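Single-structure report; data block below.
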Amino acid sequence: MAGPGPARLDRDSHRWTGVPLGCAGWTVRRTRATSGRMTIPRLFVDDRLAGGAEIAGRPGQAHYLAHVLRRGPGDPVHLFNGADGEWLARIVTLRRDQAGFLAEQQLRPQLPDTDLWLVFAPLKRDATDLVVQKATELGAAALLPVLTERGNTARVNLARLAAIAVEAAEQSERLTLPVLHPPQPLAGLLADWPSGRILFAAAERSAAPQLRPARGPAGLLVGPEGGFTPAELDGLRKRPFVTLASLGPRILRAETACLAGLALLQAPGCG
Ligand code: SAM
């Protein structure tokens, strides 16, 4: 019997196809298994969800359902919109560029998100994509690109990153999307930082204590590949809401530091 075809990124829907289930890295399990034969696609939608509501699909979803998954009217989908939980729905219309669904039954209520923000210096394109994908899986509520003196780039393609975040939320069974902010200079971000939210600044080669789970609203700040400048570190130390933190004795790539930090801040029983 022929195995699955090569992995391929669908340009319209930003979805991977032909990817074997259960593999690591960029392989994405896009649908939830319901029986040996049929899987149910999980899709983010913009409309409000309620019993009997007619829901319009987003751009790219009609193509994905019809041509990638070979689904048609009457087939089930799972929908979420970041506000109304997760719903079982049926495809009612499926045209070339238009999908419509009928919401039937709520499967999960909306639950509060982890109140954890990731502030990161934008990296080269693939690394930034990876940070956004994995931070979404790890439940970051907001993603804030920040411009630092040694930053790799000031350019961020927010539309592309939003599409990556949608796909990661669909795949990871998350009920929300992270709020994606435009890049801003570090000084402005610190000046506008909300009261009551601690900011853990990841600082390598410092005497800072090991990062531990957060007990309330928190942010994690990770610097660029070149690290923070001494002046930036001094400025961080002066802010009462900033706590410098270590991620261990090794120097991590910035993307590794983002993901390790998000995991540590949420680790149960390690506080
Ligand atoms: N160029 C720097 C150097 O060689 O010392 C390393 C910068 S590191 C690649 C990028 C960012 O990841 C740092 O600014 C810091 O925020 C974070 N980071 C990496 N390793 C870390 C560690 N062991 N503890 C805390 N933060 C770390």
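None of the figures in this text is laboratory data; all of them are computed from the coordinates on show. As the structure is a computational prediction, the values presented were derived from the model and not from experiment. Neighbour counts run over all protein chains shown; Cβ positions are idealised from the backbone, glycine included.
Each of the peptides 226-235, 110-119 was scored by the mean count of other Cβ atoms within 10 Å over its residues; in descending order, highest first, they stand as 110-119, 226-235. Convex hull volume per residue, computed on the Cα atoms of segment 121-200, equals 96 Å³.
Can you sort Phe101, Phe80, Phe241 so the residue with the fewest Cβ neighbours within 10 Å comes first?
Ranking Phe101, Phe80, Phe241 by Cβ neighbours within 10 Å, fewest first, gives Phe241, Phe80, Phe101.
Over the C-alpha trace of the chain, radius of gyration and Dmax come out as 20.4, 64 angstrom.
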